[in-house]
1. Could you give each residue of region 60-75 its phi-based ³J(HN,Hα) in whole Hz, using Karplus coefficients 6.51, -1.76, 1.60 with θ = phi - 60°, and x for Gly or Pro?
2. Using DSSP, restrict attention to beta bridges with both residues in region 26-127 and report what percent are antiparallel, rounded to the nearest 5.
3. If each Cα of region 63-176 is one equal point scatterer, what is log10 of I(q)/I(0) from the Debye formula at q = 0.10, 0.13, 0.14, 0.20 Å⁻¹?
4. Once you compute Rg and the Kirkwood Rh from C-alpha atoms, what is the Rg to Rh ratio for region 1-147?
5. Taking only protein heavy atoms and a 1.4 Å probe, what accessible area per residue, in Å², does the chain have with all protein chains in place?
6. Could you tell me which residue out of Gly149, Val134, Tyr100 lies farthest along the dipole of region 61-176 toward its positive end? Charges go on the beta carbon: Lys and Arg +1, Asp and Glu -1, centred on the Cα centre.
7. Of all the accessible heavy-atom surface of region 28-176, with the other protein chains kept in place and a 1.4 Å probe, what percent is carbon and sulfur?
8. Would you grab the residues whose amide H sits under 5 Å from the one on Val136? Only those 5+ places off in sequence or on another chain, please, with H modelled 1.01 Å from N.
Amino acid sequence: MDRDEAPGLELVPADLAACRGIAEVHVQAWRHAYAGIIPAAYLDGLSVDEHEERWRHAVARGSPRLLVARLGEKIQGFIGFDASRDDGAEPQQGEIWVLYVRPEAQRLGVGRRLCREALEALFEEGFTSATLWVIVGNEGATNFYREMGFQVEPGSRQSFMVGAAQLGEERLHIPL
């Protein structure tokens with residue numbers, strides 16, 4: 001099977017009914033992707049209920065725009081995208097705010113389909129480029145985005161705190 005195929009996968013805009021599934025994917029993906037990068041105590045403390053509430057607010061606000069990938073009724077992944085939130089960003093710069101896929105659904109084309117759909121939507125709206133931020137050490141995500149055509153922006157690395165841990169992140173960029 002071509003790795004871009006995900007038979008039966010449907011991409012649809014998120015609604016309030018999808019928020020529980022989005023939250024479950026979000027927590028599972030964080031625990032999987034950031035094991036060994038973010039302290040285990042922080043990851044163990046992630047709450048699906050709290051994430052569901054946050055995603056309900058996002059859906060109600062309409063920002064970021066959210067798409068979910070589902071097989072039947074089960075959400076396999078989601079993506080949030082909109083205009084860039086970065087200080088000084090040009091008005092034509094879009095951003096992938098968030099992209100997560102269930103660990104068991106990774107490498108099946110779910111993330112690729114979500115990312116392509118979001119980039120296409122940004123392009124159709126007149127955005128000329130898109131950025132995203134990746135936590136340093138998350139090589140799986142960095143490699144995925146490079147395969148999608150994103151490049152690391154030199155000098156973009158910055159630090160932030162997650163719980164008691166100081167982490168780094170760097171911005172990636174793609175022309176549309």
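1. Taking θ as phi minus 60°, the curve returns 4, 6, x, 8, x, 5, 10, 10, 10, 10, 9, 10, x, 9, 8, 6 Hz for region 60-75.
2. Details: 14 of 15 bridges.
Roughly 95 percent of the DSSP beta bridges within region 26-127 come out antiparallel.
3. Reported log10 I(q)/I(0), two decimals: -0.29, -0.50, -0.58, -1.15.
4. Details: Rg = 14.9 Å, Rh = 15.8 Å.
Rg/Rh for region 1-147 comes to 0.95.
5. Working: 9180 Å² over 176 residues.
Accessible surface, normalised per residue, equals 52 Å².
6. Tyr100
7. Values: 3750 of 7730 Å².
Whole-percent figure for carbon plus sulfur exposure: 48.
8. Sorted by chain and number, the residues that satisfy this are Gly168, Glu169, Glu170.
The values are calculated or read from the model by the stated rules, or taken from the named source; none is laboratory data. Keep in mind that this is a model prediction, so the values were computed, not measured. Virtual Cβ from ideal backbone geometry, glycine too; neighbours counted across all protein chains shown. These area figures cover heavy atoms from the full protein model, side chains too; ligands, DNA and RNA do not enter into them. Shrake-Rupley method; radii C 1.70, N 1.55, O 1.52, S 1.80 Å.
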